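All remarks here apply to the structure that follows.
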Amino acid sequence: MIPLAPMIEPKSVAGWVRACTRTSARQPWRVLAVTAIVLVSAWAYASQLKLKTDFLQLLPSESGAAQRFRSAVERRRGSASTLLVMIESDNNSLAQRFIDAVEADVTKLPKDLVGAVEHGPNESRAFFEKYRWIFAKESDLEQTACELEAARARATPGYIELDEPCAVSNANQSSATSGLQPTPTPARAPNPLPNGKHSALRDFQARAEAEIKIHDVFPTGYFRSEDGRTYTLVIRSPSTGFGDAAGERLMRAVEAIADHRRNALGLPKTAVGFTGDIPNALADVQALRDDITIVSGVAILLIFGSIIAFFRSAFSLLHIGIAVLTGTGIAFATAMAAFGHLNNATAFLGSIIFGNGINYGIVYMARYRERRGLGDGVEEALTDAATTCLTATWLAALAASGAYAALMSTSFRGFSEFGLIGGVGMVACWCATFLVVPASISALERVLGKKERPARVVVRAPVAHAIGKLTRNFPRSILLVAGALAVLAALPLPHYLKDPWEYNFGNLGSISSSKHGAGRWSSRSDQVFKSRGSPQLILADDVNEVTELADQVKRADQKITGGRTIDRVETIYDMLGGPPDVVTRKLKLLGEIREHIDHVEKHLDDEERAIATRWRPPEYLRLITPKDLPAQLRDRFTEKDGRVGTSVFVYLSPHVSQSQGHNLLQISDVFASLHQKDGKAVPNAARATVFAEMIRSMERDAPRATLVAFFIVIVACLLVERRVRGVVAVLGSLVCGVLWTVGGAAWLDVRLKFLNFVALPLTFGIGVEYAINLYERIRAENGDVTAGVRSVGGAVILCSLTTTFGYGALLFADNQALRSFGRYAIAGELSCITTALLVMPAALALFAKSRRPT
């Protein structure tokens with residue numbers, strides 16, 4: 001509707017509004033019947049909206065990070081995300097029975113929900129035990145073969161030892177683990193024989209056992225913490241783990257199973273918990289859903305109560321409520337037609353649209369009651385209210401709608417969808433107010449026989465009257481204080497605006513989850529697995545590329561972070577003892593070791609003979625393949641199309657927090673730098689890259705949306721107001737209010753988040769609305785500041801109060817991002833209402849005094 005504004009002259013607009021008002025007043029029942037049809041149809045259609053809480057829904061469709069993540073998830077068979085069932089108990093037997101029972105039930109769930117279930121590394125332990133020799137480092141095998149050869153020579157009659165040929169270990173030999181940097185061989189343990197000579201067999205045993213411990217960190221066969229109190233069941237799922245529907249279905253099913261088994265064993269409820277990708281995401285989703293109900297309910301109650309208290313009539317709520325419900329319904333029906341869903345950012349828009357959209361009805365109703373109190377008839381009072389409030393409310397609607405619409409200039413879908421719904425809602429609420437309110441008032445007056453005569457509540461508002469007198473009598477003092485506050489607010493802005501963003505994701509999620517839910521159990525999980533979170537998954541096109549891909553990860557980490565981010569990289573070759581060429585060399589060395597042991601065994605004492613018996617490489621050792629892996633291991637490296645070995649798992653350093661945005665950006669840079677042989681980016685299911693993309697979208701889109709919103713507000717003021725004094729007064733009030741808001745945030749170090757930054761563009765629309773209503777009423781009172789503020793000041797204060805209630809209800813939310821949005825928006829609201837009520841009228845009063853002849 002903005003492009004049409006220049007083509008419509010103000011006189012013709014006023015004439016059109018008067019005609020519509022008279023039609024509504026004279027045919028109220030027809031208008032209300034049409035309104036009822038629109039209202040019911042819009043909300044019935046909007047009721048089909050689904051809540052999509054998957055964080056991937058917020059990212060731009062062209063986002064490379066999102067595309068790579070989806071590609072990796074689509075290729076994987078069943079381990080894209082994790083759900084961990086945890087139990088804390090001092091009774092090990094009871095804990096194991098619980099884990100076993102839950103595992104048996106979970107394995108019966110549909111395969112589209114569950115990819116794999118693991119209570120511990122039983123199969124893996126048996127596999128590594130059977131092939132334990134192959135997992136020794138190649139350099140260790142060379143050292144052992146050399147030392148055993150020397151021992152064999154020493155056992156030969158007449159041997160003379162001239163030097164120690166195996167004294168220097170070959171630390172630069174390639175590691176048994178493909179993709180990792182060569183690891184120096186540990187210092188040789190002092191295991192001398194009784195005659196003072198060194199024992200090669202004892203060295204071999206020590207080195208081999210140390211290497212086996214890398215794979216055998218859970219000797220009990222269960223994923224259990226070192227203190228023995230916490231047991232974990234790992235469930236791997238094909239879902240994205242970002243709050244998608246499949247993950248939620250799995251979570252609900254596992255919760256039911258766990259509750260059943262917990263009750264059957266008589267375990268306390270607090271002993272069992274859930275964490276992992278799926279529960280962590282769903283904890284925020286559930287908190288958001290609960291917040292929607294709480295926020296909307298609290299906001300509506302506060303708004304309705306304040307309207308009834310101000311107008312001292314429940315009928316006023318009926319008139320205004322029908323209009324704003326119709327406008328809000330149209331907004332959400334538009335969302336249904338455009339998107340078919342709400343996301344994490346738009347889910348709570350109802351209370352905000354309601355709190356903002358109701359302002360037009362408040363101003364309209366206040367003017368109507370004022371004219372009725374002065375003796376005007378119903379139709380006369382309605383027509384006067386419509387024409388008097390037209391310019392101010394229309395500009396307010398355009399400015400607010402434009403501020404919302406500015407968010408559509410962003411590529412971040414969470415913002416752009418927010419902008420469309422809010423923008424349509426503002427215009428729809430204005431149109432509904434000017435069409436429905438006259439009809440509902442006229443209909444009620446007819447029903448009551450025109451007996452209702454409201455008191456002149458607005459005209460006699462003591463607060464508004466006092467503010468009007470204050471601005472008229474002390475304009476210089478008010479402007480001096482306002483100017484001083486503006487200068488003070490501007491002082492920290494240069495430093496603040498260089499980097500105003502919040503990078504701590506720990507300040508964005510659910511408070512209850514971090515204290516009692518998935519967040520709390522997540523820290524226990526880190527203690528069990530000695531890692532921070534789940535490994536990040538990247539995918540090669542072919543198993544022959546994984547070694548180079550693993551090396552790319554290490555090189556990129558070294559270049560970008562100085563090697564501090566990546567703890568280790570795991571490929572299928574880590575499960576096979578190394579790449580085929582490395583294992584082939586190991587098998588040759590193991591053959592030599594076996595031969596040497598057979599020759600020196602008769603010269604060994606009982607203890608060394610026992611070591612030789614255990615560690616003599618058996619004849620069955622061979623080159624193992626992925627088919628030899630136990631199913632538990634093989635499935636982790638298998639794609640949906642049957643390809644095995646293309647998965648590479650990257651474990652992040654336990655010392656690097658994944659809730660810190662700067663770390664996420666660096667981790668994302670590491671993965672973004674990985675490329676296949678054909679130059680294409682490597683698909684990955686690294687959650688860090690998704691959250692990093694959210695940060696980049698915020699940094700890229702927030703300044704753009706803010707500037708576009710400010711530009712739209714300026715254009716709307718020029719098109720609708722068309723008076724230089726009015727434009728300067730309104731925009732001056734707005735700029736002052738925004739400066740106070742941002743400056744206050746800078747002083748208090750309140751950081752902008754991916755959600756609360758939206759409060760800035762919306763503040764532009766709000767700041768214009770209050771200022772233009774006051775300016776137009778002062779102008780209608782021939783420049784009398786006191787009369788103008790007294791006439792509409794009470795209504796404007798009520799408008800601010802209802803909007804504040806809409807935002808203030810967010811403070812009851814469990815989600816920290818919503819709370820932050822509420823605080824920032826309230827700060828903008830209070831700043832803008834203060835400048836509109838005090839600063840702008842004071843400036844107008846001072847200007848009027850300077851124009852009077854002396």
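Details
- Dipole of the chain [Lys/Arg +1, Asp/Glu -1 at C-beta], most positive-end residue of 728, 351, 629: 728
- 0 to 90° range, to nearest 10: angle between helix 580-600 axis and the chain longest Cα axis: 30 degrees
- For region 743-813 versus region 599-619, the gap between their alpha-carbon centres in whole angstrom: 86 Å
- The simple Förster model, with R0 at 45 Å and r as the Cβ-Cβ distance, assigns residue 47 and residue 259 a FRET efficiency of 0.90.
- Separation between Cα centres of region 621-685 and region 65-114, rounded to whole Å: 19 Å
- C-alpha long axis of helix 785-808 to longest principal axis of the chain, angle in °: 20 degrees
- Extending 7 Å from Cα along the Cβ direction at residue 678 and again at residue 252 yields two label points whose distance is 4.1 nm.
- Cα-centred dipole magnitude for the chain, charges only on beta-carbon of K, R (+1) and D, E (-1), debye, nearest 20: 4500 debye
- Amide H contacts of residue 116: 236, each under 5 Å away and 5 or more positions distant or on a separate chain (H built 1.01 Å from N in the peptide plane; Pro and chain starts excluded).
- Flagged links, alpha-carbon separation over 27 Å, of 137/677; 111/627; 130/559; 530/586; 554/680: 137/677; 130/559; 530/586
- Full-stretch length increase - residue 558, residue 111 - with 0.36 nm per residue and alpha-carbon distance subtracted: 157.0 nm
- Efficiency of FRET from Cβ geometry, residue 100 and residue 491, R₀ 60 Å, rounded to 0.05: 0.40
- Probe 1.4 Å, all protein chains present, accessible-area order of 16, 615, largest first: 16, 615
- Label separation (residue 312 vs residue 847): 3.5 nm, computed from points 7 Å beyond Cα along the C-beta direction.
- For region 757-842: rounded, prolate or oblate by the Cα gyration tensor [a/c cutoff 1.5]: prolate
- Residues whose amide H comes within less than 5 Å of that of residue 660, counting only those at least five positions distant or on another chain, are 505 (H built at 1.01 Å from N in the peptide plane).
- On the principal axes of its alpha carbon atoms, region 614-722 extends 95, 34, 25 Å, with the longest extent given first.
- Extension gain from residue 631 to residue 27, taking 0.36 nm per residue of separation minus the Cα-Cα distance: 209.9 nm
- Once the chain from residue 622 to residue 290 is taken as fully extended at 0.36 nm per residue, the excess over their C-alpha distance is 113.7 nm.
- Estimated D of region 707-796 in µm² per second, where Rh is the Kirkwood radius over Cα pairs and Stokes-Einstein applies at 4 °C, 1.567 mPa s: 91 µm²/s
- Rounded to 10°, Cα long-axis angle of helix 277-311 versus longest principal axis of the chain: 10 degrees
- Treating r as the C-beta distance of residue 749 and residue 476 and R0 as 22 Å, the FRET efficiency rounds to 0.10.
- Environment charge of residue 272, counting only residues whose C-beta is closer than 11 Å and scoring Lys/Arg +1, Asp/Glu -1: 0
- Treating each Cα of the chain as an identical point scatterer and summing with the Debye formula, the log10 of I(q)/I(0) at q = 0.05, 0.06, 0.08, 0.09 Å⁻¹ comes to -0.41, -0.54, -0.80, -0.92.
- Dividing the radius of gyration of the alpha carbons in region 265-321 by their Kirkwood radius gives 1.37 for Rg/Rh.
- In the chain, a dipole from Cβ-located charges (positive for Lys and Arg, negative for Asp and Glu) runs towards its positive end, and of 427, 675, 789 it is 789 whose Cα lies farthest in that direction.
- Antiparallel %, DSSP beta bridges [both residues in the chain], to 5: 90 percent
- Debye, to nearest 20: dipole size of region 257-350, +1 on Lys, Arg Cβ, -1 on Asp, Glu Cβ: 240 debye
- Summarising the label geometry, the points placed 7 Å from Cα in the beta-carbon direction at residue 337 and residue 411 lie 2.9 nm from one another.
The values are calculated or read from the model by the stated rules, or taken from the named source; none is laboratory data. For clarity, every value in this text was computed on a predicted model and none was experimentally measured. Neighbour counts are summed over all protein chains in view; Cβ atoms, including those assigned to glycine, are modelled from backbone coordinates with ideal geometry. Each accessible area value is taken on the protein alone, full model and side chains, heavy atoms only, with ligands, DNA and RNA left out. Shrake-Rupley method; radii C 1.70, N 1.55, O 1.52, S 1.80 Å.
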